[in-house]
Amino acid sequence: FLFSQAGMVVHWLRRPGPGVRINLFYNALGAATTAVVLVIIVLAKFTEGAWMTIIFVPALVLLLERINHHYRKDAQEMLSAQEVQVSSLRPPAVIIPVDSWNRGTEKAVRLALMLSDDITALHISMEEDDQKRLKEIWKEKVERPVRATRSVVPSLRVVDSPYRWLYQPIVEFVKKTREEKPDRLIAVIIPELIERHWYTYLLHPRRGARLRHLLYEEGDDRTIVIDSPWYLR
């Protein structure tokens, strides 16, 4: 009650106008009264737990103030937007992490073809992967039909991972592409199979979510993450 009354006193001091003095008087009286009551209770019941009020209530107020400061700071940064840089607009360089050729991958490639002519499918190869088979499928399912439309053919890059690392090679490839193309946005399209039922959802690894988290941790404004979900029937 003390903090609420004191807060209203500050409120009326910041908003002068007709009728403010009477409201300010009542809230100041309330703040003074509750302050006296608080002191009496703390002195009389200090050893019985009143000391907790002195510690936890100011700590809670400080926490709420810091949260409010965080929101104000975020709002100020978001509102200070620049004009759209129309003169430097270019299609992004698209990277598609590819585990195998499936319907989800095919949908991600179609999306990439609508966004840019600079497309790289990235496959992280483990020891047991059949790289040769994947390259043959890529030539048949991607390169041949895209070349028939006289469009720029997406390239397939295979990166060996002898220690069976999956995420780190992808993040490093995105970093390298970002350094090689400083004037382009880097769009990472993540194809992901989505289960419709919660009891089968747990049976599939959430690799897309993990990769998104790692890319967001980089904190780079030029990297865009695009989800390309394929809903299993």
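The values are calculated or read from the model by the stated rules, or taken from the named source; none is laboratory data. These numbers were taken from a predicted model, which means no experiment stands behind them. Cβ coordinates were reconstructed from backbone atoms using ideal geometry, including for glycine residues, and neighbour counts include every protein chain displayed. Note: accessible area is taken over every heavy atom of the protein model, side chains too, but ligands, DNA and RNA are not part of it. Shrake-Rupley method; radii C 1.70, N 1.55, O 1.52, S 1.80 Å.
Values as computed for the structure displayed
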| quantity | calculated |
| --- | --- |
| Distant-in-sequence amide H partners of residue 194 (H built 1.01 Å from N, under 5 Å) | 230, 231, 232 |
| Cα-based reach from residue 139 at 21 Å (exclusive), listing lysines while leaving out same-chain residues under 8 positions away | 107 |
| Choice from 166, 89, 202 with maximal GNM fluctuation in the chain (Cα, 10 Å cutoff) | 202 |
| Those lysines that a straight Cα-Cα span of less than 19 Å connects to residue 132, excepting residues fewer than 8 apart in one chain | 141 |
| Accessible-area ranking of 70, 11, largest first, probe 1.4 Å | 70, 11 |
| Amide H contacts under 5 Å for residue 224, placed H, 5+ residues apart | 186, 187, 188 |
| Protein accessible area in the stretch 1-146, 1.4 Å probe - carbon and sulfur % | 63 percent |
| Relative contact order (%) - the chain, alpha-carbon pairs under 8 angstrom, separation at least six | 18 percent |
| Span-rule helices in the chain, defined as complete DSSP H runs reaching 15 Å or more along the axis (Cα) with Kyte mean at least 1.0 | 20-44 |
| For the chain, calculated [θ]222 nm from helices alone, where every DSSP H run of n ≥ 4 adds -39500 (n - 2.57) | -17000 deg cm²/dmol |
| Stretch gain in nm, segment residue 130-residue 160, where the contour uses 0.36 nm per residue and the Cα spacing is subtracted | 9.6 nm |
| Heavy atoms of residue 117: accessible area, 1.4 Å probe, square angstrom to 10 | 90 Å² |
| Gaussian network model of the chain, springs between alpha carbon atoms under 10 Å - residue of 170, 96, 22 with greatest fluctuation | 22 |
| Max mean-square fluctuation residue, GNM over the chain, Cα-Cα springs under 10 Å, options 210, 72, 150 | 72 |
| Bins of 5 Å from zero: percent of alpha-carbon pairs in the stretch 173-233 | 4, 16, 24, 19, 13, 10, 8, 4, 1 |
| Heavy-atom accessible area order for 139, 45, 175, largest first, 1.4 Å probe | 139, 45, 175 |
| Around residue 232: net Lys/Arg minus Asp/Glu count, Cβ-Cβ under 13 Å | +2 |
| Size of electric dipole in the chain: Cβ of Lys, Arg +1 and of Asp, Glu -1, about Cα centre, debye, nearest 20 | 560 debye |
| Where N is the number of residues in the stretch 1-140, Cα Rg divided by 2.2 N^0.38 Å | 2.21 |
| Dipole of the chain [Lys/Arg +1, Asp/Glu -1 at C-beta], most positive-end residue of 197, 225, 105 | 197 |
| Per principal axis, descending, Cα span of the stretch 92-187 in whole Å | 39, 33, 19 |
